[in-house]
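A.B. asks: One structure is given below, represented as structure tokens, and several questions about it will come after.
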Amino acid sequence: MKTVCDVNLCAGCYACTEICPKDAITVIDDTNSLNAVIDEKKCIHCKACEKVCQQIHPIELKQPIAWFQGWCNDDSSRSRSSSGGFAYELMKRFISEGGVVCSCVYNNTHFVYKIASSEVDLEKYRGSKYVKSNPEGIYSEIRSIIDSHRKVLFIGLPCHVAGLKCYLGKYDDELLYTADLICHGSPSQKLLKKFLAEKRVPLDSISNISFRKKSVFRLSYRTNNSEVSIAPQGVRDRFTIGFLKGLFYTKNCYSCRYATQNRVSDITLGDSWGSSLGMEEGRKGISLAICQTEKGIQLLQKSDIKLMDVNIEKAIMANHQLREPSKMTKERDLFFSLIKAGNTINKSIRRCYPKMCFRQSIKAILIKCHLYKQV
Ligand SMILES: Cc1cc2nc3c(=O)[nH]c(=O)nc-3n(C[C@H](O)[C@H](O)[C@H](O)COP(=O)(O)OP(=O)(O)OC[C@H]3O[C@@H](n4cnc5c(N)ncnc54)[C@H](O)[C@@H]3O)c2cc1C
């Protein structure tokens, strides 16, 4: 197998598949890792793929120049967002000034990047999707928009921002705005789909998947007009257990070069976990924004959000991704060997974290029998 970058270290940014003039590259996702594989029969050795590969040619990271915490002024918008709602307000402001935005949506069983040019389209962008989203095909669309002298705001995983910048090469800095998410790692979408299929979730007929409500991390999905949770309220489902433990991110995430204070974008968005603003505000969601450029600061300042100072040391302490990548857990190999041997995701997670899963199962039974009440 000939791969664009080192085996199992592909970030899945798809810059190489998009630049290849011969359609010779396919990103293979085996749930454990990603690989951009070259079809040697089609390859003409132009090396265009290597030139845009962020693993081979790392993108320059910028030092932050300003740190803020806060939330959007519209209470209802804040409550519908994962954190303090900065992402939505940035997109809204950007569109109101004639720009277009590109970020991640759930579309037809996939988490993909889509472009929006109208505020009415923005609602579906809300929310953290704790999987590796797929940017395939989006960079050339962004290039055409930039070529037509329209401004674009791209919000996504840091490796996808890097992929976009590598693909574009030279571009007019005034036309491209980028915001990356503080990211502790992301699992393959295939893994999530397999887990949901095990739970008999009718993937074809669901309109959205949610991974958290503020500080409560729990998988749920929407069908017609009702929301269905994988586990009862107060109980953590196994996918979320595995995700928060860092059990099954794709392999590249554990050596992520973007898990540092210096960042790839104009603005970095995350949760202000270390905030001392109090429980009440914490429950409603507090965003953290780190700005690397003046244009990032300006976009934040003109959006409809409340901006406050933040204790930088505490913010960094509370988010290890601003210092180093997530550590590979000792259970990870066991997990993938169990999957490979044909075990379900559900069972494999239980084998990795038996005590925790047992506690959650007992809690679920007690809740069902009305013997336990969530406070
Ligand atoms: C995989 C992942 C891991 C994260 N880890 C951390 C962390 O460790 N610490 C931390 O502080 N914050 C983390 N975040 C960010 C956090 O969950 C919130 O998304 C962020 O605080 C923004 O919140 P918000 O209320 O402003 O916007 P939200 O309503 O959450 O909107 C987020 C924006 O990001 C986009 N987005 C969401 N998921 C993805 C995705 N998978 N790929 C591309 N774009 C996406 C949405 O389309 C939207 O534009 C992570 C996000 C993801 C997707």
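A.B. asks: Using a 10 angstrom cutoff on alpha carbons, build the Gaussian network for the chain and name the most mobile of K124, K340, K194.
C.D. replies: K340
A.B. asks: Continuing with this model, one more query. Who wins for biggest fluctuation among Y113, Y221, Y167 in a Gaussian network model of the chain, springs between alpha carbons below 10 Å?
C.D. replies: Y221
A.B. asks: Which far-off residues, 5 or more places away or on another chain, put their amide H under 5 Å from the one on G127, with H placed in the peptide plane?
C.D. replies: S82
A.B. asks: From the square roots a ≥ b ≥ c of the eigenvalues of the alpha-carbon gyration tensor of region 62-133, which class results: rounded (a/c under 1.5), prolate (a/b over b/c), or oblate? Numbers along the way, then the final one.
C.D. replies: Details: a/c = 1.38, a/b = 1.28, b/c = 1.07.
In terms of gyration-tensor shape, rounded.
A.B. asks: Taking every pair of alpha-carbon atoms in region 217-375, what share in percent sits in each 5 Å bin, from 0 to the bin with the longest distance?
C.D. replies: Result returned by the calculation: 1, 7, 12, 13, 15, 15, 15, 11, 6, 3, 1, 0.
A.B. asks: Shape call for the chain from the C-alpha gyration tensor, a ≥ b ≥ c root eigenvalues: rounded (a/c under 1.5), prolate (a/b greater than b/c) or oblate? Walk me through the numbers on the way to the answer.
C.D. replies: Working: a/c = 1.63, a/b = 1.13, b/c = 1.45.
Verdict is oblate for the chain.
A.B. asks: Among rounded, prolate and oblate, which fits region 38-77 when a ≥ b ≥ c are the square roots of the eigenvalues of its C-alpha gyration tensor, a/c under 1.5 means rounded, and a/b larger than b/c means prolate? Could the numbers behind the result be given before it?
C.D. replies: Values: a/c = 7.47, a/b = 2.46, b/c = 3.04.
It is oblate, given that a/c is not under 1.5 and a/b is not larger than b/c.
A.B. asks: Could I ask something else about it? So what's the back-of-envelope 222 nm ellipticity for the chain, counting only DSSP H runs of four-plus at -39500 (n - 2.57) apiece and dividing by all residues, rounded to 500? Walk me through the numbers on the way to the answer.
C.D. replies: Numbers: 14 runs with 119 residues, N = 375.
After summing the helix terms and dividing by the residues of the chain, the value is -8500 deg cm²/dmol.
The numbers here are math on the coordinates, done by the rules we state, and not lab data. Predicted, not measured: the structure shown is a model, and the values here were computed from it.
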